[in-house]
Amino acid sequence: MHMWRNKNFLLIMGGTLIVDVGFWFGIIGNLEFLQQNIESSFYQSLFLIVGIVMAVMLAPIAGRIVDQAPKKQVIVWSSFVRIFAVCFMFAAIKTGDVWWMLMYSIFMGAAASFTMPAFQALLPIILEREQLLGANSLLQNMMTVSRIAGTALAGYMLVKVSLFSLYFITLIAYTATFVCLTFLNVNEKRAKTIKDKKKEKSSFKDVFPIFKEHPAIITPFLLVIVPYLFLAGFNLMIIEISDLQNDQSIKGTLYVVEGISVFAGSVILKKFLKQRAIVPVLLGAVTLVAVSQLTLYFADIHWMPFISFALFGLTVGVYFPVSNTIFQVEVPHEFHGRFFSFKRMVESLMFPIFMIATGYFLDSIGIQQMAVLYGAISLVIVSIYGWKVLTGSSEARTMKVSALEASK
């Protein structure tokens, strides 16, 4: 069945679009709320990482539940938790108390710890292997559409309406997503009965041998450090650039530029990179991240941040669809829940560390010196790992992106 005729895939796409628009409304609202109540970039970063810490804490439990419970139920109930979480932001806006925002972040982090692993584990069930790369690229673009629409519209609406109205629209978006996802009809084939699964003890320890048995997943798993170094400080850097250029409107524009570049990256992947070897494609993508970081040294020049964020967007459009497809294809299906929860936990651990570091460096040395530091670190990582991999096994050097679409 073509994926455009796949009802479950269309529901997931629709749900992703709606929830992500609401999510970016929330992000812009959070940034505005923090700017009104906290001056320091460092303290802003501390409040922004709370949800991430909660996601890390719940990851081991989430992985086991995703592997053992119906994934539809996991996704639907996580959507309901998001609806509940928005109520805390209403209290935060009413009282001006950042601790209510803390509760909002905790529940949003809890929902994300279940939703993302379940979503990644569900795609290989509802789609054929040869459809996964296209589906991951398409969903990356869908998330980009929601980011462009969400950030641009939220930035415009903040000038016209109150923060309360912004979060009320977010609440409507999450409610619509909850209703939409209840119509999923997934036939999850299980090799084991529920009774057998209850007897079986499973943990994150089961994930570690997978790296040895399936070495193709190691490169995308490790190299994600470089784009996450940029992603973790994404919002903080946008705030800093806005202040540096004394231009509040640049926030939404930077989101839009980066989002459009994600589309361009997806087109480049589809048209020009499918016959290229996977490892050089991934290495080239993260090298582009390093270049985008270095160009932020000129962040005081009005048009330079647009180039930096455009280069990063190209990376997102290439790196994440390829890496997600590698994980979905190479990791055995019965480990998907635990693997994607483990992956998310590792990424979530990196995120607050890099975010706090970004907040500290923005306060202490400024965005321009930080850009040079981050760019140099990224280039060192790419150089060392690239030399090790490309001088290693011939399979790592020659396996093509198109091989991910080949039937096993």
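Given the conditions (1) within 26 Å of ASN30 (Cα to Cα); (2) crowded, with 22+ Cβ neighbours inside 10 Å, which single one is not true for LEU139?
Here LEU139 clears every test but (2).
Being touching a residue at least 40 places away in the same chain (Cβ under 8 Å), on the phi < 0 side of the Ramachandran plot and out of contact with any helix residue (DSSP H, G or I) (no Cβ under 7 Å at 6 or more places or on another chain), is that true of even one residue in region 64-79?
Just the residues of region 64-79 that are touching a residue at least 40 places away in the same chain (Cβ under 8 Å), to begin with: 64-68, 70-72, 74-76, 78-79.
Among the residues that remain, those that are also on the phi < 0 side of the Ramachandran plot are: 64-68, 70-72, 74-76, 78-79.
The next check asks that each one be out of contact with any helix residue (DSSP H, G or I) (no Cβ under 7 Å at 6 or more places or on another chain); those that pass are 70, 72.
Yes, region 64-79 contains at least one residue that is touching a residue at least 40 places away in the same chain (Cβ under 8 Å), on the phi < 0 side of the Ramachandran plot and out of contact with any helix residue (DSSP H, G or I) (no Cβ under 7 Å at 6 or more places or on another chain).
Out of ALA59, ALA91, I need the residue that is surrounded by 21 or more Cβ atoms within 10 Å (Cβ to Cβ) and either in a helix (DSSP H, G or I) or of a type in the set (D, E, K, R) (or both). Which one?
Working: ALA91 fails: surrounded by 21 or more Cβ atoms within 10 Å (Cβ to Cβ).
Step by step, each of ALA59, ALA91 is checked, and only ALA59 is surrounded by 21 or more Cβ atoms within 10 Å (Cβ to Cβ) and either in a helix (DSSP H, G or I) or of a type in the set (D, E, K, R) (or both).
So which residues in region 3-56 are polar (S, T, N, Q), part of a helix (DSSP H, G or I) and either in contact with a helix residue (DSSP H, G or I) (Cβ under 6 Å, 6 or more places away or on another chain) or modelled with pLDDT under 80 (or both), if there are any at all?
Those that are polar (S, T, N, Q), part of a helix (DSSP H, G or I) and either in contact with a helix residue (DSSP H, G or I) (Cβ under 6 Å, 6 or more places away or on another chain) or modelled with pLDDT under 80 (or both): ASN8, THR16, ASN37, SER41, GLN44, SER45.
Report every pair of residues separated by at least 6 positions or lying on different chains whose Cβ atoms are under 8 Å apart, first residue within region 275-295 and touching a residue at least 60 places away in the same chain (Cβ under 8 Å) and more than 12 Å from ILE307 (Cβ to Cβ), second of a type in the set (D, E, K, R) and in a helix (DSSP H, G or I).
As it stands, the answer is ALA277/ARG397; VAL279/ARG397; PRO280/ARG397, since those pairs meet every condition given.
Could you pull out the residue among VAL159, VAL76 that is among the hydrophobic types (A, V, I, L, M, F, W, C), surrounded by fewer than 23 Cβ atoms within 10 Å (Cβ to Cβ) and out of contact with any Ser or Thr (no Cβ under 7 Å at 6 or more places or on another chain)?
Result of the check over VAL159, VAL76: VAL159.
How about region 5-44: which of its residues are farther than 30 Å from ILE365 by Cα, hydrophobic (A, V, I, L, M, F, W, C) and touching a residue at least 40 places away in the same chain (Cβ under 8 Å)?
PHE9, LEU11, ILE12, MET13, LEU17, ILE18, VAL19, VAL21, PHE23, PHE25
Kindly list, by first and then second residue, each pair from a residue in region 99-114 that is β-branched (Val, Ile, Thr) to a residue that is surrounded by fewer than 21 Cβ atoms within 10 Å (Cβ to Cβ) and in a helix (DSSP H, G or I), limited to pairs with Cβ atoms under 9 Å and residues at least 6 apart or on different chains.
ILE106/VAL50; ILE106/VAL53; ILE106/MET54; ILE106/PHE88
Give just the number: which of (1) within 22 Å of ALA135 (Cα to Cα); (2) free of Cβ contacts under 8 Å to residues at least 24 places away in the same chain does ASN324 not satisfy?
All conditions pass for ASN324, except number (2).
Within region 382-396, how many residues turn out to be at pLDDT 75 or above and within 17 Å of PRO215 (Cα to Cα)?
Here the count works out to 4.
Do we have LEU58 as touching a Pro at 6+ places or on another chain (Cβ under 9 Å) and not charged (D, E, K, R) here?
Taking the combined requirement at face value, the residue does not satisfy it.
Find the residue count for region 296-321, including only residues that are surrounded by fewer than 20 Cβ atoms within 10 Å (Cβ to Cβ), in a helix (DSSP H, G or I) and in contact (Cβ under 8 Å) with a residue 60 or more places away in the chain.
Number of matching residues: 2.
Which is modelled with pLDDT of 85 or more and more than 15 Å from the chain's Cα centre (by Cα), of PHE90, PHE114?
Just one listed residue meets the conditions, PHE90.
Looking at PHE164, PHE204, PHE183, which is the one that is modelled with pLDDT under 85 and among the aromatic types (Phe, Trp, Tyr)?
Going through PHE164, PHE204, PHE183 in turn, just one is modelled with pLDDT under 85 and among the aromatic types (Phe, Trp, Tyr): PHE204.
Can you say whether LEU229 is aliphatic (A, V, I, L, M), assigned to a helix (DSSP H, G or I) and within 18 Å of GLY317 (Cα to Cα), as far as the supplied structure shows?
Spelling it out, LEU229 is indeed aliphatic (A, V, I, L, M), assigned to a helix (DSSP H, G or I) and within 18 Å of GLY317 (Cα to Cα).
The values are calculated or read from the model by the stated rules, or taken from the named source; none is laboratory data. Every value quoted in this text rests on a predicted model; they were computed, and no experiment measured them. With ideal geometry, Cβ positions are generated from the backbone for all residues, glycine too; neighbour counts draw on all protein chains shown.
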